[in-house]
Structure formats: C-alpha cells, structure tokens
1. Among the residues of segment 83-140 satisfying the criterion of being within 16 Å of residue 35 (Cβ to Cβ) and outside any helix (DSSP H, G or I), which is nearest to the chain's Cα centre (by Cα)?
2. Please tell me if residue 270 is within 30 Å of residue 25 (Cα to Cα), of a type outside the set (D, E, K, R) and not in a helix (DSSP H, G or I).
3. Scan segment 6-24 residue by residue and report those that are open to solvent by 20 Å² or more (accessible area, probe 1.4 Å) and under 19 Å from the mean Cα position of the chain (by Cα).
4. For segment 238-256, enumerate the residues that are within 15 Å of the chain's Cα centre (by Cα) and either over 10 Å from residue 149 (Cβ atoms) or among the small types (Gly, Ala, Ser) (or both).
5. Only one of (1) more than 12 Å from the ligand (Cβ to nearest atom); (2) free of Cβ contacts under 8 Å to residues at least 60 places away in the same chain; (3) on the phi < 0 side of the Ramachandran plot fails for residue 137. Which number is that?
6. Return only the number of the condition from (1) farther than 11 Å from residue 135 by Cα; (2) within 10 Å of the ligand (Cβ to nearest atom); (3) of a type outside the set (Lys, Arg) that residue 104 does not satisfy.
7. All but one of (1) over 23 Å from residue 176 (Cβ atoms); (2) touching a helix residue (DSSP H, G or I) at 6+ places or on another chain (Cβ under 9 Å); (3) of a type in the set (S, T, N, Q); (4) open to solvent by 60 Å² or more (accessible area, probe 1.4 Å) hold for residue 198; which doesn't?
8. If I ask for residues that are of a type in the set (D, E, K, R), within 19 Å of residue 116 (Cα to Cα) and more than 10 Å from the ligand (Cβ to nearest atom), which ones from segment 4-48 would you list?
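The values are calculated or read from the model by the stated rules, or taken from the named source; none is laboratory data. Here the structure is a predicted model, which is why all the values come from computation and not from measurement. Note that each Cβ is placed from the backbone with ideal geometry, even for glycine, and that neighbours are counted across all protein chains shown. The accessibility values were calculated without ligands, DNA or RNA, using every heavy atom of the protein model including side chains. Shrake-Rupley method; radii C 1.70, N 1.55, O 1.52, S 1.80 Å.
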Amino acid sequence: MARKKIGLIGAGNIGGELARLLANKELGDVWLYDIPAKENFAKGKALDLEQNGAVLGYDSFVRGTSNWADLEGADVLIVTAGIPRKPGQSRDDLVATNLPIIRDVANNAKKHAPSAFTIVISNPLDAMVYEFKRVTGCAKGMAVGMAGVLDSARFQLFLAREAGVSVKDVRAMVLGGHGDDMVPVLTMTTINGVPVSSLIAKDKIGAIIERTRKGGGEIVNLMGTSAYYAPASSAVAMAEAFLFDQKRLLAGAAYLDGEFGYKDLFMGVPVVIGAKGVERIIEIPLSAEEKAMLEKSAKSVQSVVDVVKKS
Ligand code: APR
C-alpha cells in the first residue's frame, strides 16, 4: 500500500514538532514546507529528523522544501504558516500579517493538494480556517481548525492538578472560538464520569476556567512566543483520526451550516473525524449560560471574519 503523504506548511516551532511526532509514529511521508528564505532551515530540520530515526528506530521519510510541487497530491496538510504571538498581543492582532499568508497557502493547496484533509493551526484560528475554506472551495468537512483539543487539554490538566487525579481520567470539552471567550462546557466535564463539581469547589473551577481561557497567553508571556508541543500533539491526534478512520469525537473548529444556530462560520464544536474528514457535528445540549457564552464567543469570531471579508 502506498504511504500517505503529509504536508506541513510552516517549518517553525510547531511545524518541527509536528514532523518529529509524525516521523516517530511513522504515519506517512512528511514534507516540511517553508518559504524560500527558510528552505535550507526546513531541509536541515528534515535531515536531523531522518537521522533521529537511525537512533530511535523509525524509518520515516522526512524532507524539507520550498517548492509546492513537492506537496502534489498530499493526503493531509497541517498549516502553521504565519507569525506567532508575542507578549501583549492577542491572536486577533495577527490577522493583518497572517491573512495574506493563509491566502497564499490556500491558493497553493488548491492547486497542488486539492483533496487533502487540512488542519489549520495558524492564528487567529477560526478566521484563518474560514479563509482557507473560502479560497480553496474545499468540501466543508475537509478543513478543520485545531484549537478545541488543545484548549480542552489545558482545561483537563488544570482540573487534574486541582482534583489530585491523573490527567488521563479527566474528560472535558472546550468549545467556541480560540480566544479569551472560549467555552469550557462544565456539564460535559467529568473525572471518569464523576461530575467535576463533586471534586472541585465552584470558585476553584471558576479560576481554572479563567486560566484555561488565557492558557495560550500564559505560555506566550513565559516564553516570548507561543506554545508548540501540545498544539502539535493535538493536530496529530486529528490527523490520525482521519488517516485511520478512527471516528474520534473531538472538539474542532468546524464549518457551521446552521448547527448550534450559526451559519457560514468556523467555530469550536464537538466533531467526529474519520476518513471523510469532519464527518459529523454533534449538537450537544447546552445550558442557558453556556449558550450565552457561545454566543459571545461567536460574536468575537464573527468580528474577525468580518475584517477578513473586507480585506
Ligand atoms: N508559507 C509557508 N510558511 C510560511 C509562510 C508561507 N507563506 N509565511 C511564513 N511561513 C513560515 C515562517 O517562515 C515560519 O518558519 O511559518 C513558520 C511559522 O513558524 P514559527 O514562527 O516558529 O511559529 P509557530 O510557533 O510554529 O506558530 C505558527 O501557529 O499557533 C499558531 O499563533 C501561531 O500563527 C502561529 C502559527
């Protein structure tokens, strides 16, 4: 059987970690693409990762390139092209720089990898994946934004630490836009089925929700750039769900066509990812308070999409 082809668009911090994880897991041939000025950097990273296989015992093909023709017919694209945040910046502050970049990426993706399942990570996430789908004209289930898996992971970690339990047993779902208005759904948050409210006091949960919402910014302030390990792992989980038709139920920024009452908008919702991409959106019941939070988050996303539409 032919090996799958995975194109990583952007060979920076997240791109490099994605390549490392994908090579380690032998999920397919990995092409690490970056702009011509970074071609040698991408090639060097790829070579380092292939040599790493001789030590760790994996047989993956990893190559760097700045030629989109090398991505011809890719099965999966993961897009991190663009600049990350610096301390004091919001994700929305990146729109002016990252919009022309996502358009460039989308035009090339349309030409060279029209049937790829594409996972967008570049920020502002919900607006970038919206623009990617608009420019490529891809089927609505074939483009998804990676944010919910990461935001849920942050929420899960903070809850696990507070409850004094393994992070493996915490189930949580963070919906809405990938911004400070994201919506941790408490009614769906359990510690292996045990309601989280029976293990953590209400005020502590409130503080954890706030920390989760600002979870990306906390790391930007510490490192001077944005996170890359957990974002890369989150996107790989989504790519694996597609490549192995796993039908995983994850939080992902999906194209909404009436679901949850929203139309023509990408936002974080529970999705099922399988061989057809985002195969289903699961409309979970939300409390009145959660609905109001989702509405606030949707308005924030819409305001950035409106800027994108006018640009
Ligand atoms: N095509 C491909 N790659 C590009 C393009 C382009 N048109 N323009 C810029 N790039 C590359 C940059 O050269 C850089 O190597 O994207 C890479 C981004 O890497 P980093 O600066 O290390 O950023 P990273 O931490 O990987 O984050 C990338 O993901 O989480 C988001 O907010 C984050 O938008 C940011 C993105």
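1. 122
2. Numbers: within 30 Å of residue 25 (Cα to Cα): yes; of a type outside the set (D, E, K, R): yes; not in a helix (DSSP H, G or I): yes.
Yes.
3. At the first step, the residues of segment 6-24 found to be open to solvent by 20 Å² or more (accessible area, probe 1.4 Å) are 12-14, 20-21, 24.
Matches in segment 6-24: 12, 13, 14, 20, 21.
4. 239, 240, 241, 242, 249, 251, 252, 253, 254, 255 - these are the residues of segment 238-256 that are within 15 Å of the chain's Cα centre (by Cα) and either over 10 Å from residue 149 (Cβ atoms) or among the small types (Gly, Ala, Ser) (or both).
5. Among (1) more than 12 Å from the ligand (Cβ to nearest atom); (2) free of Cβ contacts under 8 Å to residues at least 60 places away in the same chain; (3) on the phi < 0 side of the Ramachandran plot, the lone unmet condition for residue 137 is (3).
6. Result: residue 104 fails condition (1) only.
7. Failing condition for residue 198: (2).
8. 4, 5, 26, 29 - these are the residues of segment 4-48 that are of a type in the set (D, E, K, R), within 19 Å of residue 116 (Cα to Cα) and more than 10 Å from the ligand (Cβ to nearest atom).
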